[in-house]
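Here's the structure we're looking at; comments come further down.
The values are calculated or read from the model by the stated rules, or taken from the named source; none is laboratory data. Note that this is a predicted model, so its numbers are computed, not measured. Positions of Cβ are generated from backbone atoms using ideal geometry, with glycine treated the same way; all protein chains shown enter the neighbour counts. Heads up: the accessible areas ignore ligands, DNA and RNA and are worked out on the full protein's heavy atoms, side chains in. Shrake-Rupley method; radii C 1.70, N 1.55, O 1.52, S 1.80 Å.
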Amino acid sequence: MSEAIHPVPEAWAKNALINADRYAELYRQSVEDPDGFWRQEAQRLDWLTPFTRVQRTSFDEADFGIRWFEDGALNIAANCLDRHLAVRGDAIAILWESDDPSEPERRISYRQLHAEVCRFANLLKARGVGRGDRVTLYLPMVPEAAVAMLACARIGAIHSIVFAGFSPDALAGRILDCGSRLVVTADEGLRGGRRVPLKANVDEALTHCRDVDSVIVLRRTGADVAMQAGRDVDWHEGVASQPAECPPEAMNAEDPLFILYTSGSTGKPKGVLHTTGGYAVWASMTHQYVFDYRPGQIFWCAADIGWVTGHSYVVYGPLINGATTVMFEGVPNWPDPSRFWQVVDKFGVEIFYGAPTALRALMREGDHWVQKTRRSSLRLLGSVGEPINPEAWEWYHRVVGEGRCPIVDTWWQTETGAAMITPLPGATDLKPGSASKPMFGVAPQLVDSEGKVLEGATEGCLVLTQSWPGQMRGVWGDPERFFQTYFTTFPGKYFTGDGCRRDADGYYWITGRIDDVINVSGHRMGTAEIESALVAHEAVAEAAVVGMPHAIKGQGIYAYVTTNAEVEPDEALRRALVQWVRHEIGPIATPDVIQFAPGLPKTRSGKIMRRILRKIAENETSNLGDISTLADPSVVATLIADRPQLA
Ligand code: 6R9
């Protein structure tokens, strides 16, 4: 890994909300006196009934439980909307950019958003939805998606968002699992110039879901879609007769807020459950400190609301903080690879938060796509979703941010609600590829496979020893699975599933999922480390590394490599890459196989599906499992056809 250090720029150290001294002081307080710390932080919300008890949490089997602010009551939608009306009612809450660059943007003020949410909440009530009921949202990235989320929260219903790229089968499974009776969708979605038949997908899914009695359909493209009398309601017709006032329900802090299914990389997807009070504090606090957010700034998180990043940093965190949040319907490379930066210029975006996979794809297209835009408004950049390799980090920093913008590489999970290990731009010297230091209240520990605590500079399994307010509270419909999955591997600790290195400066470097660790001749190697070495080569755009059975070493290293557009992969390059990795990491990391791959199998959120790559590497291609949730399932056949014949 690169050991370059980018110190906190002077102006940031001077002006940021949190500088290095303040970070040290607050962090110490947050782990030594968590109740005092969180009692104070929770004041950022408007409580209907103030809490008296901060937390009652235990990761031990005997008294297992996670409860925060448990005797307090609040409404998160009121915290996102109502309380802003007096001070910033006419400020822009949502700034929306269409997939189609010729379609005008939409600017929705806090006052307008409040009225829309109330109307839609009243429509939900009119269809029989109330406290505790589940509502499935299957929507494109349009402001109405945020309206629907906030309307559920306003009346105490639990939303379950299913990413609008999932198949009808995947949608049906998620509707059935949580028992939704109402689904909100659109006629069609629009992504990269292509239409996605959302309503038709819902119709197909509902042939398996007999309990759904209402479907609310937003007109997005105006396509002619089938409407089933009695069941299907046109969004705008439905809300037209509804009043623009709807009193927010007083929710207990521990009442469920949403369910979000994690992508099924192992087994059946889990319905991760988050509750109200702790999540609201956590999303709001991290949004403010990690992004050094000040009211009035234009904030853009480029994630889809179908993922947790979209929940916490497109909708809840920014709106609780009264931000202007950008919502983008499209994709980074359509109509051309400068779209992201065009949108940055159009809206004057100051903070941009995106995924390494998108950055690597754009980097591969060449710097001129970035350089033709100004980006003078940008002051801070963020990264999330997977380890960012130092190459991509440096490119993001040098080309996109022109060396001026700190990068916050935020490590977290659907399960953790919001950012957990991350630099703070005014406090943390940056090391490209390291998520750096724990957020307030986060107590990371590295343990070996037997659970022995490892001290100092070391590498091991990343666990968390203390609860934090935004922690998931359960697996929907399967309470046992929550405890089993996260708290039994290392009793008394939350196991993240990630491997991690800690350096001599106490910086954390996520090395990838533990199930992606390769054990070569007894040496544990993070796949991310080898991938990072490969992508550091000038010919390589992207790489994915998995283990393969090896008679002598136990496991060998199988690398899938996508070259840059102008490079023709050949035998000479293959040999050069093997030498390169040996040089970058050491002979132990010598790839046994390098397969050139025109594309890698990715989920729609951009995560590489290693399960599939592992099977191809093992030559076990008869049973690849469900590949319908891939962004492009056709890459799998190509990979199988191109697999080198091994001795
Ligand atoms: C927010 C989100 C969680 C898994 C997590 C880890 C990987 C996320 C990362 C990162 C290294 C980062 N991950 N952010 N790895 N550096 N900055 O992505 O949630 O979809 O649940 O994924 O993603 O492996 O365990 P989710």
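Looking only at region 557-582, count every residue that is small (Gly, Ala, Ser) and either over 31 Å from the mean Cα position of the chain (by Cα) or at positive phi (or both) and tell me the total.
The initial filter retains those residues of region 557-582 that are small (Gly, Ala, Ser), namely 559, 565, 572, 576.
Of the ones still in play, those that are also either over 31 Å from the mean Cα position of the chain (by Cα) or at positive phi (or both) are 572, 576.
Total meeting the criteria: 2.
Would you mind listing the strands (runs of 3 or more DSSP E) fully within region 533-647 where at least 1 residues are of a type in the set (Phe, Trp, Tyr) and open to solvent by 10 Å² or more (accessible area, probe 1.4 Å)? Break it down into steps so the answer makes sense when it comes.
Details: elements: 540-550, 554-563, 593-596.
Those strands (runs of 3 or more DSSP E) span 593-596.
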Conditions (1) surrounded by fewer than 22 Cβ atoms within 10 Å (Cβ to Cβ); (2) closer than 27 Å to residue 183 by Cα; (3) not acidic (Asp, Glu) -> residue 27 fails only (2)
Residue list for region 191-217, filter: surrounded by fewer than 21 Cβ atoms within 10 Å (Cβ to Cβ) and within 25 Å of the chain's Cα centre (by Cα): 191, 192, 193, 194, 195, 196, 197
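Would you point out which residue out of 319, 362 is part of a helix (DSSP H, G or I), open to solvent by less than 10 Å² (accessible area, probe 1.4 Å) and more than 20 Å from residue 145 (Cα to Cα)?
Unique residue meeting the criteria: 362.
Scan region 230-255 for residues that are closer than 21 Å to residue 73 by Cα, open to solvent by less than 20 Å² (accessible area, probe 1.4 Å) and outside any loop (DSSP other than H, G, I, E, B) and jot them down. Write out each step before concluding.
Taking region 230-255 first, the residues closer than 21 Å to residue 73 by Cα are 245-255.
Among the residues that remain, those that are also open to solvent by less than 20 Å² (accessible area, probe 1.4 Å) are: 246, 251, 253.
Once the filter is applied, which keeps residues that are closer than 21 Å to residue 73 by Cα, open to solvent by less than 20 Å² (accessible area, probe 1.4 Å) and outside any loop (DSSP other than H, G, I, E, B), region 230-255 yields only 251.
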For a quick check of your reading of the model, give me the residue pairs whose first member lies in region 408-427 and is under 16 Å from residue 512 (Cβ atoms) and among the aromatic types (Phe, Trp, Tyr), whose second is at pLDDT below 95 and within 9 Å of the ligand (Cβ to nearest atom), with beta-carbon atoms closer than 6 Å and at least 6 apart or on different chains. 411/510
Hits in region 446-459 - residues which are open to solvent by 10 Å² or more (accessible area, probe 1.4 Å) and within 16 Å of the ligand (Cβ to nearest atom): 459
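If I ask for residues that are within 10 Å of the ligand (Cβ to nearest atom) and either not in a loop (DSSP other than H, G, I, E, B) or not β-branched (Val, Ile, Thr) (or both), which ones from region 420-435 would you list? Working first, answer last.
Within region 420-435, the subset within 10 Å of the ligand (Cβ to nearest atom) is 420-422, 433-435.
Of everything in region 420-435, those that are within 10 Å of the ligand (Cβ to nearest atom) and either not in a loop (DSSP other than H, G, I, E, B) or not β-branched (Val, Ile, Thr) (or both) turn out to be 420, 421, 433, 434, 435.
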Among (1) open to solvent by less than 10 Å² (accessible area, probe 1.4 Å); (2) modelled with pLDDT under 95; (3) not charged (D, E, K, R), where does residue 139 come up short? (2)
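For every residue, the table says whether it meets (1) surrounded by fewer than 20 Cβ atoms within 10 Å (Cβ to Cβ); (2) within 21 Å of residue 299 (Cβ to Cβ).
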| residue | (1), (2) |
| --- | --- |
| 355 | no, yes |
| 371 | yes, no |
| 403 | yes, no |
| 417 | no, yes |
| 442 | no, no |
Go through region 402-419 and give me each residue that's farther than 26 Å from residue 11 by Cβ, assigned to a loop (DSSP other than H, G, I, E, B) and either within 9 Å of the ligand (Cβ to nearest atom) or hydroxyl-bearing (Ser, Thr, Tyr) (or both). 412, 413, 418
Restricting attention to region 305-319, which residues are more than 11 Å from the ligand (Cβ to nearest atom) and more than 19 Å from residue 84 (Cα to Cα)? 305
Out of region 602-617, which residues are within 16 Å of the ligand (Cβ to nearest atom) and in contact with a Leu (Cβ under 9 Å, 6 or more places away or on another chain)? 602, 603, 604, 608, 609, 611, 613
Would you tally the residues in region 426-453 being closer than 20 Å to residue 22 by Cα and of a type in the set (Ser, Thr, Tyr)? 2
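In region 377-392, which residues are assigned to a loop (DSSP other than H, G, I, E, B) and surrounded by 24 or more Cβ atoms within 10 Å (Cβ to Cβ)? Walk me through it before giving the result.
So in region 377-392, the residues assigned to a loop (DSSP other than H, G, I, E, B) come out as 377-379, 385-389.
Once the filter is applied, which keeps residues that are assigned to a loop (DSSP other than H, G, I, E, B) and surrounded by 24 or more Cβ atoms within 10 Å (Cβ to Cβ), region 377-392 yields 387, 388, 389.
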Enumerate the helices (runs of 4 or more DSSP H) found wholly within region 44-163, keeping only those where 1 or more residues are assigned by the TED database to the domain that holds residue 199 and touching a residue at least 60 places away in the same chain (Cβ under 8 Å). 110-126, 143-155
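Only one of 373, 357 is within 16 Å of the ligand (Cβ to nearest atom) and of a type outside the set (A, V, I, L, M); which?
Working: 373 fails: within 16 Å of the ligand (Cβ to nearest atom).
Testing whether each residue is within 16 Å of the ligand (Cβ to nearest atom) and of a type outside the set (A, V, I, L, M) leaves just 357.
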Residue, farthest from the ligand (Cβ to nearest atom), within region 384-401, restricted to residues that are modelled with pLDDT under 95 and farther than 22 Å from residue 161 by Cβ: 391
Subset of region 256-303, residues surrounded by 24 or more Cβ atoms within 10 Å (Cβ to Cβ), in a loop (DSSP other than H, G, I, E, B) and not aliphatic (A, V, I, L, M), comes to 270, 276, 291
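Residue-wise test of (1) farther than 24 Å from residue 90 by Cα; (2) out of contact with any Phe, Trp or Tyr (no Cβ under 7 Å at 6 or more places or on another chain).
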site: 290; (1), (2): yes, yes
site: 298; (1), (2): no, no
site: 321; (1), (2): no, no
site: 327; (1), (2): no, no
site: 332; (1), (2): yes, no
site: 345; (1), (2): no, yes
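Just to be sure, is residue 586 at positive phi and touching a residue at least 60 places away in the same chain (Cβ under 8 Å)?
Working: at positive phi: yes; touching a residue at least 60 places away in the same chain (Cβ under 8 Å): no.
The answer is no for residue 586.
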From the residues in region 436-461 that are closer than 22 Å to residue 389 by Cβ and assigned to a loop (DSSP other than H, G, I, E, B), which one is farthest from the chain's Cα centre (by Cα)? 457
Got at least one residue in region 339-349 being touching a Lys or Arg at 6+ places or on another chain (Cβ under 7 Å) and surrounded by fewer than 22 Cβ atoms within 10 Å (Cβ to Cβ)? yes
